[in-house]
Each structure stands twice: as C-alpha cells, then as structure tokens.
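The values are calculated or read from the model by the stated rules, or taken from the named source; none is laboratory data. This structure is a prediction, so every number in the text was calculated from the model and none was measured. Backbone-built Cβ (ideal geometry, glycine too); neighbour counts: all protein chains shown. The accessibility values were calculated without ligands, DNA or RNA, using every heavy atom of the protein model including side chains. Shrake-Rupley method; radii C 1.70, N 1.55, O 1.52, S 1.80 Å.
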Amino acid sequence: MRLLPYLRPLLVLLALFTLLTGLLYPLALTALAQIIFPWQANGSLLTHERAVIGSALIGQPFVDPAYFWGRPSLTEPVPYHAAASKGSNIAPSNPLLTEQIQARLHILQAADPENPLPVPVDLVTASASGLDPHISLAAALYQVNRIARERGLPAATVTRLVQQHTETPLWGLYGQPRVNVLRLNLALDGLQSTP
Amino acid sequence: MMTAIIQIVFYLLILLLLARPLGLMMARVYEGDPGWLRFLRPLEHLFYRLAGIAENQAMSWRQYTLALLLFNGGGLLLVYLLQQIQGWLPLNPQAVPSVEPALAFNTAASFVSNTDWQFYAGETTLSYLTQMMGLTVQNFLSAATGMAVLVALIRGFSRQHTTELGNFWIDITRTVLYILLPLAIILALFLVSQGVVQTVAAAETVPLLEPMTASDGTVIMSQTIARGPAASQIAIKQLGTNGGGFFNVNAAHPFENPTPLSNLLQMLAILLIPTALCFTFGQMIGDKRQGTTLLMVMLIIFVSFAAMTIYAEQQGNPRLDDMAVNQQVNDIQSGGNMEGKEVRFGLVSSALWAAATTAASNGSVNSMHDAYTPLGGLFPLLLMQLGEVIFGGVGSGLYGLIAFALVAVFVAGLMVGRTPEYLGKKIETFEMKMATVVILIPPLVVLLWTAIAVSSTAGLSGATNPGPHGFSQILYAFSSMGNNNGSAFAGLDGRHPFFTIGGALAMLIARYGLIVPVLAVAGSLAGKQKIPATAGTLPTDTPLFGGWLIIIILVVGALSFLPALVLGPIVEYLLL
C-alpha cells in the first residue's frame, strides 16, 4: 500500500485542526469570556476597597477558634495550597484515615469542650480538591456556639449570619445546603467592624 | 434514597431530551447535510482543498484504517514533542519546564487513545500552550476518530456489494466542524458563567484572611491560585469522553467545576454524545428501534450500577461508627462517606458522577474514587471492566456494544441451529473472530498487566494504601487504561516506567487493537448482500433481545473479573 497519497491530508489536516481547535478556539473563547463574564473567567476574585482579598471559589485555611473552620485539606506543602491541588486518596480501610480523623476530632472538641454533639462528617474528612470553599450547613451550625463565645456575640446573631450565607441545592435536588467559609468569615469580621 | 432516585431520573430525562435531536442531526451531518450550520460549508471545503481531498473519494476498510492510524500517530508525535519543548515556547506564564520523556509519552498515548489517564498534574506540569495545542486538540481529534470508526461500521451494515466505507478525512472534518466544535463553544460559555476560569493570565496571589503558620514555623500570608484557559478544554474533555483535567484534581477543582449547575451540565455532557449516537445509529441503518434497544441496554445497566454506588457511599465508613462523627444523611448535610468528596456536590452528585464517568469512558472525576467505600468503588470499577460498552467512549462505546450484540446473536443462533444475522447481514466466521478479539483484548490486557504488576516490585511500588485496597488501586489503574477510561484510584504512585511506558502500551493496544478488527468487520459486512428478515430471524429490536444482551455483557464481565474483584474490593469490604 502506498503511503504517499496519505501524507498531504495527514499533515495539512493535523496543522489545520491544531490551529483551529488548539489556538483559535481557546483564544477566541478567552476573548469572549473576558468580555461577557470577566469576573468568573479570572477566578471569581473578591475585592474590598479595590484590593483583592481572596477567591469566592477557593477555600482558605482557618485555625483561629473565632473563625469558622473549613474542610481538612491534604494539599502540599501546606493546606489550601492553590498552586497545586491535591485530594484525599486514603481508603476507608487505611488505618491512617482513622488516625487523622481522631486527631481532627480532638482539635475540634478541645476548642469547644461544652459541645456534646457528634461532629458532622464533612468537617473531619479531607476534600477532593484540597481547596473546598464550602462546609455543609450542619458543619456550620455545629460551630456557631464556639464562634459566639469567642467573639462575645449572641448565638442567635451568628446563626442568622449562617442562614443568610446558606446556599441551597440546585432546584432543591443537586448538591447540599452549604456555606462558603471565607465569605462567612469575612461577614463575621464585617459584623464587628461596623458597629 | 428518594431524592437520589429523583436526581437520577431527572438527569436522564434531560439527557434523553437533548440526545435525540442531536443524534438525528449527527446522522444528517454524516450524510453530508449540516443543517443550519451550513454557513460553515466554505470552511469545510477550504480544508479539503488545502489537504487535496476529493469529496467523492471513498476508501476501502484498509485505506480507512491506514489513514486513521497515520493520523493518530501524527497526533501522538505532536503531543509528545510539544511537551518536550514547552519550556522554550510562549504561553507559559508559570515557566514550567519540559516534561520528562516517559511521562510525556504516557500523556501523549493517553490523549491520542481517548483515555486521558492523568499521570501529569495539569497546573504544575504543563504550559498553557501544551494544554491548548496538545491536549485540547487531541480531545477533539480522538473523539472524532472514535465517531468516525462507528460511522464506518454503520455504513458496513447499511450498504451492500461495495468495498467503500466513506472517507476518513471527511468524516473527522465533519465531526469536528459540525458536531464537536459548536457543542464545545456553547458548553464552555455556560461553564464560564458558573465560574470556570478562562484566561491566559498567570496565577493570582491573594492575601489570607488568617495568616497560616507552616510546620517549619514560617508564617504564610498569601495564597497563589493557579488559573488558565480551562473552560475551553473542559467543555471538549466532557463532550468527547476524554476526561483529562486542566488541574490535577480534575473536576473536583472549584475552577473546573464550581457549582451544582456546572456539575449537572458536565454530567450531561459526559453521556450526551454516546447517548445521541444510539439515535444516529438507528437513523442511519433505517431502523430506529435497533438504536433504542441498545440504548435501553445501556440505561438499565447504568441506572442499577449508579443506584448501588450511591447506596454504598451513603452507608458511610463503618470504622467511624464508634467515633464522635455524624455520618447521617439528613436535610442539613449529605452525610455518608465524605472523604475525598466536595461539599458543593454532596454525596449523591459525586457518586452519580462516578458511575457516569466510568460507564462512559470519560474518566474525569469530581470526587476521589480511591477514598470510596469498597463497594462504592467496586461498581465504577466493574463498569469499566464490562468493556466500556455501557455508553463507553464516543463512538467506541457503541461499536463495542455492537460487537457484544454480534456475540449475542451468535450464541442465540447456536442454540436454535441457525446462521446468525444482525441488521440484515449474515454473521459468519470472520465477523465472529473479529468480534471475539474486540471483546477479549481489554480483559486480557487488564488481567495480564495487573498480574505482572502484583508479582513485581515495580508494580507493587504503585500501591499507596495497605492491604487489599492496594491491590484495588493497581487493578483499577489497568482496568482504566486497558479500557481507555482514564479515571484512577489516584493515590496510585505511577512514577515507575512500568506504569508510564507499560501503561501507555496498554492504552494503545486497547484502542487500536479494537479499532482495526472493527473496521475489518465493517469492510466485510459492506461487501455482503442484505437479506430480508424471515420467520426464522431472531429479532434484535425487542426487550427479549435487550435482556439477552445484558446477560451476555454481565456474564463475560463477571467471568473475566470476579476472581480479581474478590481479591480487592470484596476482601476490603469484609475486613471493614
């Protein structure tokens, strides 16, 4: 079988498709996205007085008991390292998993010794991206008393803030009721800076 | 469980509503009528003129195969070379260096074969240019290749007394211009509206609200957030059942999949074309019920596997039962096994995705399958091992299922002592040999590679979880590569050349070892006369035949993989 007749269509089509789908398509789409949805296309960046203060979609680490805490993150070298996402690949049968969860339980309970409730599962299990910006509504409500005490606020005020920041599932079906931790913490700070 | 069922039903309803018109439109495209997209005709003709292709020039199955192999070979070389020289090329704002050769070969083989196995970590290994001109291009072309093979096979059934199967160059050009590109543009814009990034700017640095102290005592004040032209790639990665992520954690990354709506759209995109092709098939062979019968077979297996995956995950991890952890499924938390899952999707949308992405040979993940409960991981694993014919890859899923249908009519024919027929063509020794090859290559590759892995230190170096789950990680890896899926139990340490180079070979064999015999069958069938159905013909458009086909698929899958599954997920389940 002669290969020569295949050479021209092969090379020309490979070149044309590389230009069309590899350069023209992504670059034209970038231009369109930057015109129609500039905020989303650039990373949903939150600003305060013109300065960028975080992304609405990327979680941040919190360990101060006066802030709501997010999901445990397994990114390296530090948690919530958004330059290199990494999820949890620890099997349920791996003893490491139960050790890690036990350690997280201790920290949560030490910060809030009076809370007798079992901890909502998403608060002690590592996320899939290491950057999960949300916690479940249950995980937020679990932390309300601790936040109220640490900040000297009435628990009802904090609960109301959580409810205001609760995002609902799509059409009541897809996803779960959840709270964006960074946005909630920013609102907490805002609550006290504006008397 | 009730809302889970409603979620599945609603998802499939939207899917079918979208897939039917698309499938009929695709049938017209392959017959040369692009409908309202005919304003792109001049572009199509320009491509042919520059490439020196005559529109009436048809190919025999050998010519079609040769063109396909050469074209895919060229693509492989291009992706490999791009990774080797990306360090010196533009659109590399994070200044990532060139990729190590074995890994580059793995990624090239993976994208050309429509597997998109992800040993690379997108944001730290590949430049924007490589993602665009290497991976995105192959997302289009590998998908178009699969669809072209299916169309050639359909022509084998619908034509008679001919050697002509159509023209490979024309089929892929039409697939890209009239089907994949328009769909990708629409989906990509939808995704950007939800928050998927699409920029050529470098990573953004933002301050941390609460500064963090690292383990070595340094205080970290800011967070660097990787970005890039992601939406354009993600749209086609889902539509073309490719699945390779822009970011390391794939569709679990908030910038790849930011909201429950983006998640639903991507889940629809994963199954859209494989579903639509069932309608295309029915339309092109002139018997719609044949297409819907195959679609029902896919749907029945998919729904039952998806439901079992969701149920297994909702049971949570029994090891946490006596700890102070609340795994309950209730109104304010999705509960269950949340390790390696994202809160915005919740448990059901994560497990449903896992079933969809392994039923289709997509392989993108929105949760980490490695952290699934033993049974929650078993069903996705088995969906791949069934040969990627439950939806499967675009084109490849349906031609794989047709191979199973040939075996089904053959076995049924043996029982009653008649020559088997399918779609009006006699199925004889040659077709049966080829169909058997198509069905047996993937299990052979999966089991052989797994066996070598677990009996060598090189292979065992991959397991990162102890006990039977470590075995599952290896079995999952080769089930994925040996069926061109691309998802992983991603804890697997794949740095050893056994995985990079050996895995690349598995992917290439699983792709082209099937394409060549399928095209040979197409060539053989096209030459045969169509025979009218008689009273003795086994009807292949009935629920009875659908049920029979399901049994054949499950029996072949179970016979091949039950022992291996017992050693992995089932032992792990019993140990928990």
Threshold 30 Å² - residues in the range A:85-107 whose accessible area is reduced by that much or more when the chain is no longer isolated, probe 1.4 Å: A:SER85, A:SER88, A:ASN89, A:ALA91, A:PRO92, A:SER93, A:ASN94, A:LEU97, A:THR98, A:ILE101, A:LEU105
What FRET efficiency, computed as 1/(1 + (r/R0)^6) with R0 = 22 Å and r the Cβ-Cβ distance, is obtained for A:GLU99 and A:GLU76, rounded to the nearest 0.05? 0.75
If you take each beta carbon of peptide B:344-352 and count the beta carbons of other chains within 10 angstrom, what is the mean? 5
In square angstrom, what is the accessible area per residue of the range A:1-42 with a 1.4 angstrom probe? 54
Roughly what % of DSSP beta bridges within the protein assembly as shown run antiparallel, to the nearest 5? 90
Normalised by the number of residues in the range A:42-92, what is the relative contact order in percent for Cα pairs under 8 Å and 6+ residues apart? 21
Mind giving me the nanometre distance, one decimal, between the label points for B:LEU448 and B:THR534, set 7 Å out from Cα along Cα→Cβ? 4.2
Going toward the positive end of the dipole of the protein assembly as shown, with +1 on Lys and Arg Cβ and -1 on Asp and Glu Cβ, which of B:ILE186, A:VAL144, A:LEU170 do you reach last? B:ILE186
If you take every residue apart from B:ALA510 with its C-beta less than 14 Å away from the C-beta of B:ALA510, what net charge results, scoring Lys and Arg +1 and Asp and Glu -1? -1
Between the range B:269-286 and the range B:125-139, what is the C-alpha centre distance in whole Å? 28
Checked the range B:1-118 against the a/c 1.5 cut and the a/b vs b/c comparison, axes a ≥ b ≥ c from its Cα gyration tensor; verdict oblate
Estimated dipole of the protein assembly as shown in Debye, rounded to 20 [Cβ of Lys and Arg +1, of Asp and Glu -1, Cα centre]: 2180
Cα-based Rg of chain B per 2.2 N^0.38 Å, rounded to two decimals? 0.95
Peptide ranges B:331-339, B:162-170, B:495-503 listed from the most packed, as the mean C-beta count within 10 angstrom indicates: B:331-339, B:162-170, B:495-503
Per the rule of 0.36 nm per residue minus the C-alpha distance, extending B:ALA201 to B:LEU13 adds in nm 63.8 nm
Expressed as a whole number of Å, what is the distance separating the alpha-carbon centroids of the range A:121-194 and the range B:485-560? 48
In deg cm²/dmol, rounded to the nearest 500, the helical mean residue ellipticity at 222 nm of chain B, built from -39500 (n - 2.57) for every DSSP H run of length 4 or more, is -19500 deg cm²/dmol
According to a simple spin-label model (label point 7 Å from Cα along Cα-to-Cβ), what is the distance in nm between B:THR542 and B:TYR311? 3.1
From Cα pairs below 8 angstrom and at least 6 apart in sequence, can you work out the relative contact order of the range A:57-175, rounded to a whole percent? 32
Write out the chymotrypsin sites (Phe, Trp or Tyr not before Pro) in the range B:2-36 meeting two conditions: DSSP loop, and at most 15 other Cβ atoms within 10 Å of their Cβ. none
Go through B:509-518, B:409-418, B:542-551, B:385-394 and give me the packing order, highest mean Cβ count within 10 Å leading. B:385-394, B:509-518, B:542-551, B:409-418
Within 10 Å of the Cβ of an average residue in B:463-472, the count of other chain Cβ atoms is 3
Using Cα pairs closer than 8 Å and at least 6 residues apart in sequence, work out the relative contact order for chain B, in percent. 19
Counting only protein heavy atoms and rolling a 1.4 Å probe, how much accessible area do A and B lose on contact, total for both sides, in Å² to 100? 9000
Given the protein chains as shown and a 1.4 Å probe, how many square angstrom of B:ASP321 are accessible, to the nearest 10? 110
One finds, for B:THR218 and A:VAL52 with R0 = 25 angstrom and r their Cβ-Cβ distance, a FRET efficiency to the nearest 0.05 of 0.65
Using a/c under 1.5 as the rounded threshold, could you call the protein assembly as shown rounded, prolate or oblate? The axes a ≥ b ≥ c are square roots of the C-alpha gyration tensor eigenvalues, and prolate needs a/b larger than b/c, oblate otherwise. prolate
Using only atoms on other chains, find how many Cβ atoms lie within 10 Å of each Cβ of peptide B:168-176 and report the average. 2
With R₀ set to 56 angstrom, the calculated FRET efficiency between the beta-carbons of B:ALA458 and A:ILE35, to the nearest 0.05, is 0.65
Per the helix-only model, chain A has a calculated mean residue ellipticity at 222 nm (DSSP H runs of ≥4, -39500 (n - 2.57) each, divided over all residues, rounded to the nearest 500) of -14000 deg cm²/dmol
Within chain A, which is the longest segment containing none of the GluC sites (Glu not before Pro) that sit in a DSSP loop and have at most 11 other Cβ atoms within 10 Å? A:115-195
Using a 1.4 angstrom probe on heavy atoms only, work out the carbon and sulfur share of the accessible area of the protein assembly as shown in %. 67
If the only charges are +1 at each Lys and Arg Cβ and -1 at each Asp and Glu Cβ, what is the size of the charge dipole of chain B around the Cα centre, to the nearest 20 debye? 1800
Value of Rg/Rh across the range A:44-193 [Cα atoms, Kirkwood radius]: 0.96
Gap separating the Cα centres of the range B:56-80 and the range B:321-354, nearest whole Å: 46
Given 0.36 nm per residue, what is the gain on full extension from A:ASN115 to A:LEU4 after removing their alpha carbon distance, in nm? 32.2 nm
Want the number for B:LEU81 to B:ALA121: 0.36 nm per residue separation, take away the alpha-carbon distance, what's left? 12.6 nm
